[in-house]
Amino acid sequence: MNTKKYCAVVVGLGMLTLSACGSSGGASASDSKTVTLVSHDSWAVSKSVLADFEKQSGYKVHVLKDGDAGQAVNKAVLTKDNPQGDVFFGVDNTLLSRALDNGLFQSYEAKGSDRIKPQYRVDQDKHRVTPIDSGDICVNYDKAYFSKHRLTPPQSFDDLVKPEYKNLLVTENAATSSPGLGFLLGSAARYGDDGWQGYWKKLKANGVKVVDGWEQAYNEEFSGSAGGKKAKGDRPLVVSYASSPPAEVVYADPRPKTAPTGVSYGTCFRQIEYAGLLSNARNSKGGKAFIDFLVTKEFQEDMPLNMFVYPVIEGATVPKEFTEYGPAAKDPETMAPAKIAASRDQWVKSWTSLVLK
């Protein structure tokens, strides 16, 4: 989920993510046989799939995780002249213009990129980034809470400002978090340039809580997640992903028959994640091979149950857990990349002044 981002999910995924780094110990970034991937904390891949790439390509993969997607992108921009690695994965459509305008990536057209669905392709003249996955940023709700209180879960942006949902929602900081920014952009798409600030004034008055990133919001504050239950989270509404409910099922032991969380589909914003070859990468040849790997059918079909995002290539199979517990939004809010580029920074500045001060 953001990541995805799906952004890595419940408590069990932390262990999976650590094991998924594969050959990440002690490798030198300047080693021509090592490819260094820089990503957000939600990067994950099956060990067998990563091993196939390493065997076939001859490269070992070293993974550096730099927090939430927003934090990771900001750090990559600051270090672009002396990058931490060769490939960056996890910049999404909410932050893409910032990365491109700051010269974060060099041009490379991935082998197999012709299989990527047309609606996800951007920057076709320069090929500085390659689409890797998609997902929907949406409000999730704790089914048990709403059942206990005999309250219908909110289904739209409009619902969230109603009195019956006062002090129930936690979201992420739009200035530091990719899902937090996506939720802000979703509200701007829904209410327009002249209406989103008024909406957030109402949301603030209705007790919305803002935390730094997805991990804190979902695994600490949200009462419906496995991590949130352990942390005694008391917010039954959280900004997360449409694919979060399948994650709660997959990583539960024993598996429940139904997901403990649901999705308010009228609050969704479509997110697309990209990978790119970093400018001044020490191992550009290895980096290109790794980007090629990210659009193979093997990786694309492995990705959903590791990062809880949807594949972007034609012909990739989506696991049944997604269709059963967390289908993609049928009509999510979207925004043109040019509009995001033109308005994002000012919106974030206004949002920060309005919501955090």
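From T176, T171, T152, which residue is open to solvent by 10 Å² or more (accessible area, probe 1.4 Å) and closer than 19 Å to T352 by Cβ? Criteria check complete, one pass: T176. If only residues of segment 215-266 that are charged (D, E, K, R) and at pLDDT 95 or above are counted, the one that is least open to solvent (accessible area, probe 1.4 Å) is E248.
Select from segment 98-115 the residues that are outside any loop (DSSP other than H, G, I, E, B) and not small (G, A, S) and write down the one among them that is modelled with the lowest pLDDT. My answer is R98.
Rundown of residues vs (1) touching a Phe, Trp or Tyr at 6+ places or on another chain (Cβ under 7 Å); (2) among the acidic types (D, E); (3) part of a helix (DSSP H, G or I), yes/no style:
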| residue | (1), (2), (3) |
| --- | --- |
| I291 | yes, no, yes |
| G315 | no, no, no |
| V318 | yes, no, no |
| P327 | no, no, no |
| D331 | no, yes, no |
| R344 | no, no, yes |
| W351 | yes, no, yes |
| V355 | yes, no, yes |
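Residues of segment 116-140 that are at pLDDT below 95 and in contact with a Leu (Cβ under 9 Å, 6 or more places away or on another chain): V122, D123. Yes or no: D68 of a type outside the set (K, R), modelled with pLDDT under 95, open to solvent by 10 Å² or more (accessible area, probe 1.4 Å) and touching a Cys at 6+ places or on another chain (Cβ under 8 Å)? For D68, the condition - of a type outside the set (K, R), modelled with pLDDT under 95, open to solvent by 10 Å² or more (accessible area, probe 1.4 Å) and touching a Cys at 6+ places or on another chain (Cβ under 8 Å) - is met.
Which residues, counting only those in segment 326-336, are open to solvent by 50 Å² or more (accessible area, probe 1.4 Å) and either within 24 Å of T258 (Cα to Cα) or touching a Pro at 6+ places or on another chain (Cβ under 6 Å) (or both)? Residues satisfying the conditions are P327, K330, D331. Residue-level check: of (1) surrounded by fewer than 18 Cβ atoms within 10 Å (Cβ to Cβ); (2) in contact with a helix residue (DSSP H, G or I) (Cβ under 6 Å, 6 or more places away or on another chain); (3) of a type in the set (A, V, I, L, M, F, W, C), A51 misses just (2).
The values are calculated or read from the model by the stated rules, or taken from the named source; none is laboratory data. Not measured: the values here are computed from a predicted model. Counting neighbours? That spans all protein chains shown, and the Cβs are built from the backbone with ideal geometry, glycine included. The accessibility values were calculated without ligands, DNA or RNA, using every heavy atom of the protein model including side chains. Shrake-Rupley method; radii C 1.70, N 1.55, O 1.52, S 1.80 Å.
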